[in-house]
1. Would it be correct to say that Phe4 is in contact with a helix residue (DSSP H, G or I) (Cβ under 6 Å, 6 or more places away or on another chain), open to solvent by less than 30 Å² (accessible area, probe 1.4 Å), under 23 Å from Arg270 (Cα atoms) and modelled with pLDDT of 95 or more?
2. For Ser185, are the conditions met, namely being open to solvent by less than 20 Å² (accessible area, probe 1.4 Å), out of contact with any Phe, Trp or Tyr (no Cβ under 6 Å at 6 or more places or on another chain) and polar (S, T, N, Q)?
3. I'm checking my understanding of the structure. Among residues of segment 62-84 that are in a loop (DSSP other than H, G, I, E, B) and touching a His at 6+ places or on another chain (Cβ under 9 Å), which one is surrounded by the fewest Cβ atoms within 10 Å (Cβ to Cβ)?
4. Any idea which of Leu87, Leu105 is within 14 Å of the chain's Cα centre (by Cα) and part of a helix (DSSP H, G or I)?
5. Kindly list, by first and then second residue, each pair from a residue in segment 127-153 that is free of Cβ contacts under 8 Å to residues at least 24 places away in the same chain to a residue that is open to solvent by 40 Å² or more (accessible area, probe 1.4 Å) and part of a loop (DSSP other than H, G, I, E, B), limited to pairs with Cβ atoms under 7 Å and residues at least 6 apart or on different chains.
6. Do you know which of the residues in segment 211-242 that are more than 18 Å from the chain's Cα centre (by Cα) and open to solvent by less than 40 Å² (accessible area, probe 1.4 Å) is nearest to Ala273 (Cα to Cα)?
7. Given the conditions (1) at pLDDT below 95; (2) in contact with a His (Cβ under 9 Å, 6 or more places away or on another chain), which single one is not true for Cys161?
8. I'm told Gly192 meets every condition in (1) touching a Gly at 6+ places or on another chain (Cβ under 7 Å); (2) surrounded by 17 or more Cβ atoms within 10 Å (Cβ to Cβ); (3) part of a loop (DSSP other than H, G, I, E, B) except one. Can you identify the failing condition by its number?
Amino acid sequence: MTLFINSDALSAKDLPVPQTFEELLVTAKAVKTNGMSGIAMRAQASGNSSPPAMGFLFSYGGAMVEHNRVAFASPEGIAAVEMYGQLLGQAGPAGVGSYEWYHVLDDFLQGRTAMAIDSSNFATDISNPAKSRVANQAGFATFPHLAGRGPVPFMSHWQACINSRSRNKRAAFLFLLWATSKATSLRTAAAGLATTRVSAWSSEGFKKAFGPQAAEAALTNLQNADVDRAKAVLFHPQSRLILDAFMIGVNEVVNGAKSAKDAMTGAAERANAAIRG
């Protein structure tokens, strides 16, 4: 997850790029206008919308899953979701409760939001004048953090797998070795695509294709991420159920239907009951 900035919108208010969540809230509210939201993030009541909100949860010191139990109703989790709800409720776009990644990206490309938090992969579209109205004023920054703590953005990736029933496992394995090799990764990165290797993310070819500021922000966010906390939910047998429950709760907070405490407590209870069942 990366923070995207419309530098013109912030400059008009003489505001720096926010670093903490409190600064993010103050900035988002200050730059919001009738034609531009202060910030856009996913808030749809579906697990697919969970990545940005999970970054808030992790950065506040919370976790999605601990010891095979849903853990996002902790004090840290409640505080994180409360901040997420304040940001979108007070400075988000109209109808943000239905927002998925493509709504967030489109708002930023069209100059309808001053800031956004979503996938680092959006950088190539954002910096492309053929697709983006804000290509020349777009900035890329590290994920915000809680004062006194380091940022812990959510990280994830697409996976290539070998079917257990494959009759060509050796050939498939050799293909994956080639596809993820250093040499192939460098070529892939030079096309502006993120790979599995830090060396590729750090390469000059990637910086040129992705944009130096976007590449630096993405690599910093990747290195700040907590792989174990991400894997605990992504690789859980009931991952989809947990992610859906979490985002139903987040959606209730964003829409003002429930307090963060009530929404997260109820969501966690329902998810844990389903896991036990």
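1. Values: in contact with a helix residue (DSSP H, G or I) (Cβ under 6 Å, 6 or more places away or on another chain): yes; open to solvent by less than 30 Å² (accessible area, probe 1.4 Å): yes; under 23 Å from Arg270 (Cα atoms): no; modelled with pLDDT of 95 or more: yes.
Criteria not met by Phe4.
2. It is true that Ser185 is open to solvent by less than 20 Å² (accessible area, probe 1.4 Å), out of contact with any Phe, Trp or Tyr (no Cβ under 6 Å at 6 or more places or on another chain) and polar (S, T, N, Q).
3. Restricting to residues being in a loop (DSSP other than H, G, I, E, B) and touching a His at 6+ places or on another chain (Cβ under 9 Å), the top hit is Asn68.
4. Exactly one residue qualifies, and that residue is Leu105.
5. Pairs found: Ala135/Ser127; Ala135/Asn128; Ala135/Pro129.
6. His236
7. (2)
8. (1)
The values are calculated or read from the model by the stated rules, or taken from the named source; none is laboratory data. None of the values given here were measured: they were computed from a predicted structure. Don't worry about glycine lacking a Cβ; one is built from the backbone with ideal geometry, like all the others, and counts go over all protein chains shown. Ligands, DNA and RNA are excluded from the accessible area calculation, which covers all protein heavy atoms including side chains. Shrake-Rupley method; radii C 1.70, N 1.55, O 1.52, S 1.80 Å.
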